[in-house]
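Trainee: One structure, as structure tokens, below. Some questions next.
The values are calculated or read from the model by the stated rules, or taken from the named source; none is laboratory data. On a predicted model such as this, the values are computed, not experimentally measured, just so you know. Positions of Cβ are generated from backbone atoms using ideal geometry, with glycine treated the same way; all protein chains shown enter the neighbour counts. Quick note on the areas: whole protein, heavy atoms, side chains included, nothing else; ligands and nucleic acids left out. Shrake-Rupley method; radii C 1.70, N 1.55, O 1.52, S 1.80 Å.
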Amino acid sequence: MARVLVTETIAPSGLDLLRAAGHEVDVREGLEPGALLEAVAGAHALIIRSATKVTAEVLEAGADLVVIGRAGVGIDNVDVDAATARGVMVVNAPESNILSAAEQAMALLLAQARNVPQAHAALVDGRWERSKWEGVELHGKTLGIVGLGRVGTLVAQRALAFGMRLVAYDPYVSAERARQLGVELMDLDQLVAEADFLTVHLPKNAETVGLIGADLLARAKPGLRIVNTARGGIVDEAALAEAIAAGRIGGAGLDVFAEEPTTASPLFGLPSVIVTPHLGASTAEAQDKAGVTIAEQVLLALAGDFVPFAVNVAASGVSEPVRPFMGLVEQLGRFFGCLHDRVPGAMEIEVRGPLAAERTDILTLSALKGLFATSTEDPVSYVNVPQMAERRGLQVRETQVTGSGEYVNLVTLRSDAHSVAGTLTTGPRVTPRIVMVDDHPVEVAPSPHMLVIRNDDRPGKVGMVGTVLGEAGISIRGMALEQTTEGDTALMVLSVDAEVPAPVADALAAGSGILGVARIRL
């Protein structure tokens, strides 16, 4: 029997599951930080929602913690790195609220089109203002969907029923998958230039924060109306308020904000703006799903079983020879994804060596997990990546070759355009190595920030790259160079100490003799 500390409200059905399994369920809602430190001592599992902050201090106090369960999707309130360092599994309920979130987006879309909240407020205040709050029909209008993941797809299906024209920006969705949904893919600049309404369904990360900002809004179709039910901060609230006040943007419907909770925003005083306090998952059905799902995940973690929605810890139930390769292959998947402009039509994963005699389907899932991890609003897990690949039209082929080559074990990911391979070195320390990129043999350790540069094989290219990066304050930590077999072009794979901003990558790409630049984020 384990002690499960629950600090926020979850559905009774979830609590009942935990009790039925024989665990002690200790519900203590509304704990102050100091009281939380006391309560978490001796707990084996901690279940939270969005209000409880699980800091490194909380994790230190919870020395017996095995698992932290977030009854919802986002884990911004959990120090995942600290949890990982202490061996504490972090799990969430990623699919519990997708339908509710999609319906919230449609609610704001309709309310924005017909000025429902404004007309309601005027009428209950004693004003009959039919002409003032004249709206527009959705039929025949163009809806721009930024992010065509699970929620974005549900919104597309519902908007199609209203007779809207659908366009989308999502570089990780295949053209074939988009056609199946009745959606036309285009770049973000073209989308904002054509859309009458825009709805955001992206994850919040370094690349998406401020994506809908002043520059993009300045290029938008006059009168564009924006809906955001994804994450606060993706839309620059100050820039949006300025664009609406200036008459360039027609209005907005926001359910999420950069700082939450909040009761102040430059948008709140604008009559064409509709706001709600992060209600995307606030339905009885979503809360019930979240409670049951997180209880199931916590039970699996406490039992030491395979945990589908583990955020930070590799799954249990994998053979010992395969387990060390899971992290490497996930990094290869990320690397592979960064080499492509959009999701490829097919990916082959080849496992070569004694490892191929083991059951390696978890490595295929690891590769897909890496490929999709930073490219979708949807939470990515070992369970849902096959469905994500299917939705995006990605065909996956697995190949096992038991004979060894140059390396004892080698894992290769390949599409028609790109390839990457990696292995684990043996010896006193087992370390990951990327040993091939685009059929060029290289030898480089995976790093959080990397570059792949193709160039004419002429003197001065390495120096030029070093100069551009140095002027940007970016240091090179490691480098691998390799000629093509023809000898007229070369490939550089660099590890750098910081993320390379897009303008710096553009400056590199514009250099004489540079044939291509890919930013790699692992």
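Trainee: Please note which helices (runs of 4 or more DSSP H) are completely contained in segment 56-160 and include at least 1 residues that are modelled with pLDDT of 90 or more and within 20 Å of the chain's Cα centre (by Cα). Reasoning before the result, please.
Mentor: Numbers: elements: 56-61, 80-85, 98-114, 116-124.
The helices (runs of 4 or more DSSP H) meeting that bar are 98-114.
Trainee: Show me the strands (runs of 3 or more DSSP E) found entirely inside segment 393-456 where at least 2 residues are more than 17 Å from Leu522 (Cα to Cα). Show your work before the answer.
Mentor: Numbers: elements: 395-401, 410-414, 419-424, 432-437, 440-444, 449-456.
In segment 393-456, 395-401, 410-414, 440-444, 449-456 are the strands (runs of 3 or more DSSP E) which contain 2 or more residues that are more than 17 Å from Leu522 (Cα to Cα).
Trainee: Can you list residue pairs whose Cβ atoms sit under 8 Å apart, with the first residue in segment 499-512 being in contact (Cβ under 8 Å) with a residue 24 or more places away in the chain and in a loop (DSSP other than H, G, I, E, B) and the second being open to solvent by 20 Å² or more (accessible area, probe 1.4 Å) and β-branched (Val, Ile, Thr)? Count only pairs 6 or more apart in sequence or on different chains.
Mentor: Gly511/Val468
Trainee: Would you mind finding the one in Gly304, Gly291 that is open to solvent by less than 10 Å² (accessible area, probe 1.4 Å) and either more than 20 Å from Gln112 (Cα to Cα) or modelled with pLDDT under 95 (or both)? Talk me through it step by step, then tell me what you get.
Mentor: Details: Gly304 fails: open to solvent by less than 10 Å² (accessible area, probe 1.4 Å).
Of the residues listed, the single one that is open to solvent by less than 10 Å² (accessible area, probe 1.4 Å) and either more than 20 Å from Gln112 (Cα to Cα) or modelled with pLDDT under 95 (or both) is Gly291.
Trainee: Condition first: open to solvent by 40 Å² or more (accessible area, probe 1.4 Å) and closer than 14 Å to Gly511 by Cβ. Now tell me which residues in segment 441-455 satisfy that.
Mentor: Arg454
Trainee: Here is a follow-up. Is it true that some residue in segment 476-490 is β-branched (Val, Ile, Thr), surrounded by fewer than 16 Cβ atoms within 10 Å (Cβ to Cβ) and either in contact with a helix residue (DSSP H, G or I) (Cβ under 8 Å, 6 or more places away or on another chain) or under 21 Å from Gly370 (Cα atoms) (or both)?
Mentor: no
Trainee: Could you tell me how many of the residues in segment 491-506 are of a type in the set (A, V, I, L, M, F, W, C), out of contact with any His (no Cβ under 6 Å at 6 or more places or on another chain) and surrounded by 17 or more Cβ atoms within 10 Å (Cβ to Cβ)?
Mentor: Result for segment 491-506: 6.
Trainee: Can you tell me which residue in segment 185-205 is farthest from Pro344 (Cα to Cα), limited to those that are surrounded by fewer than 19 Cβ atoms within 10 Å (Cβ to Cβ) and in contact with a helix residue (DSSP H, G or I) (Cβ under 8 Å, 6 or more places away or on another chain)?
Mentor: We begin by selecting, within segment 185-205, every residue surrounded by fewer than 19 Cβ atoms within 10 Å (Cβ to Cβ); these are 186-190, 193-194, 204-205.
In the following step, the residues that additionally are in contact with a helix residue (DSSP H, G or I) (Cβ under 8 Å, 6 or more places away or on another chain) were identified as 186, 188-189.
Details: Met186: 16, Leu188: 20, Asp189: 23 Å.
Only one residue fits best here, namely Asp189.
Trainee: Return the residue satisfying two criteria in turn: it lies in segment 236-273 and is outside any loop (DSSP other than H, G, I, E, B) and under 26 Å from the mean Cα position of the chain (by Cα), and of such residues it is nearest to Val73 (Cα to Cα).
Mentor: Only one residue fits best here, namely Leu254.
Trainee: For segment 171-184, give me each residue that is touching a residue at least 40 places away in the same chain (Cβ under 8 Å) and either in a strand (DSSP E or B) or crowded, with 16+ Cβ neighbours inside 10 Å (or both).
Mentor: Of everything in segment 171-184, those that are touching a residue at least 40 places away in the same chain (Cβ under 8 Å) and either in a strand (DSSP E or B) or crowded, with 16+ Cβ neighbours inside 10 Å (or both) turn out to be Tyr172, Val173, Ser174, Arg177.
Trainee: Could you tell me whether any residue of segment 258-268 is modelled with pLDDT of 95 or more and under 22 Å from His201 (Cβ atoms)?
Mentor: For segment 258-268, residues modelled with pLDDT of 95 or more and under 22 Å from His201 (Cβ atoms): present.
Trainee: Among the residues of segment 4-24, which ones are closer than 16 Å to Ala303 by Cα and either under 32 Å from the mean Cα position of the chain (by Cα) or surrounded by 15 or more Cβ atoms within 10 Å (Cβ to Cβ) (or both)?
Mentor: So the first thing to find is which residues in segment 4-24 are closer than 16 Å to Ala303 by Cα, and the list is 4, 17-24.
Correct list: Val4, Leu17, Leu18, Ala21, His23.
Trainee: Separate question: Would you point out which residue out of Glu320, Glu377, Glu348 is open to solvent by 30 Å² or more (accessible area, probe 1.4 Å), modelled with pLDDT of 85 or more, outside any helix (DSSP H, G or I) and not small (Gly, Ala, Ser)? Break it down stepwise before answering.
Mentor: Working: Glu320 fails: modelled with pLDDT of 85 or more; Glu377 fails: modelled with pLDDT of 85 or more.
Only one candidate passes the filter, namely Glu348.
Trainee: On the basis of being buried (at least 16 other Cβ atoms within 10 Å of the Cβ), closer than 17 Å to Ala214 by Cβ, under 19 Å from the mean Cα position of the chain (by Cα) and not β-branched (Val, Ile, Thr), does Gly233 make the cut? Steps first, answer last, please.
Mentor: Values: buried (at least 16 other Cβ atoms within 10 Å of the Cβ): yes; closer than 17 Å to Ala214 by Cβ: yes; under 19 Å from the mean Cα position of the chain (by Cα): yes; not β-branched (Val, Ile, Thr): yes.
For Gly233, the condition - buried (at least 16 other Cβ atoms within 10 Å of the Cβ), closer than 17 Å to Ala214 by Cβ, under 19 Å from the mean Cα position of the chain (by Cα) and not β-branched (Val, Ile, Thr) - is met.
Trainee: Moving on. Gly213 versus (1) open to solvent by 40 Å² or more (accessible area, probe 1.4 Å); (2) within 30 Å of Val500 (Cα to Cα); (3) of a type outside the set (A, V, I, L, M, F, W, C); (4) free of Cβ contacts under 8 Å to residues at least 40 places away in the same chain: which is the lone unmet condition?
Mentor: Only one criterion is unmet by Gly213, namely (1).
Trainee: Report, by residue number, each residue of segment 25-47 that is touching a helix residue (DSSP H, G or I) at 6+ places or on another chain (Cβ under 9 Å) and either free of Cβ contacts under 8 Å to residues at least 12 places away in the same chain or not in a helix (DSSP H, G or I) (or both).
Mentor: Selection gives Val25, Asp26, Val27, Arg28, Leu31, Ala41, His44, Ala45, Leu46, Ile47.
Trainee: Just to verify a result, which residue in segment 242-285, among those that are small (Gly, Ala, Ser) and in contact with a strand residue (DSSP E or B) (Cβ under 8 Å, 6 or more places away or on another chain), is surrounded by the fewest Cβ atoms within 10 Å (Cβ to Cβ)?
Mentor: Selected residue: Ser272.
Trainee: Something else now. Restrict the check to segment 457-474 and report whether at least one residue is at pLDDT below 90, open to solvent by less than 60 Å² (accessible area, probe 1.4 Å) and part of a strand (DSSP E or B).
Mentor: no
Trainee: Is it the case that some residue within segment 137-148 is surrounded by 19 or more Cβ atoms within 10 Å (Cβ to Cβ) and within 30 Å of Ile68 (Cβ to Cβ)? Show your work before the answer.
Mentor: Kept after step one, since they are surrounded by 19 or more Cβ atoms within 10 Å (Cβ to Cβ), are these residues of segment 137-148: 138, 143-148.
With within 30 Å of Ile68 (Cβ to Cβ) added as a condition, the list becomes 147.
Yes, segment 137-148 contains at least one residue that is surrounded by 19 or more Cβ atoms within 10 Å (Cβ to Cβ) and within 30 Å of Ile68 (Cβ to Cβ).
Trainee: Related question: Please work out which residue is nearest to the chain's Cα centre (by Cα), limiting yourself to segment 161-170 and to residues that are buried (at least 16 other Cβ atoms within 10 Å of the Cβ) and part of a loop (DSSP other than H, G, I, E, B). Before the answer, list the steps.
Mentor: The first filter runs over segment 161-170 and keeps only residues buried (at least 16 other Cβ atoms within 10 Å of the Cβ), leaving 162, 164-170.
Then keep just the ones that are part of a loop (DSSP other than H, G, I, E, B); that gives 162, 164, 170.
Working: Phe162: 29, Met164: 27, Asp170: 12 Å.
Among those residues, the one meeting the criterion is Asp170.
Trainee: Taking only segment 88-103 into account, find how many residues are open to solvent by less than 20 Å² (accessible area, probe 1.4 Å) and farther than 16 Å from Thr153 by Cα.
Mentor: Number satisfying all stated conditions: 5.
Trainee: Within segment 404-416, track down each residue that is over 24 Å from the mean Cα position of the chain (by Cα), over 14 Å from Leu363 (Cβ atoms) and in contact (Cβ under 8 Å) with a residue 60 or more places away in the chain.
Mentor: Answer for segment 404-416, where residues must be over 24 Å from the mean Cα position of the chain (by Cα), over 14 Å from Leu363 (Cβ atoms) and in contact (Cβ under 8 Å) with a residue 60 or more places away in the chain: just Asp416.
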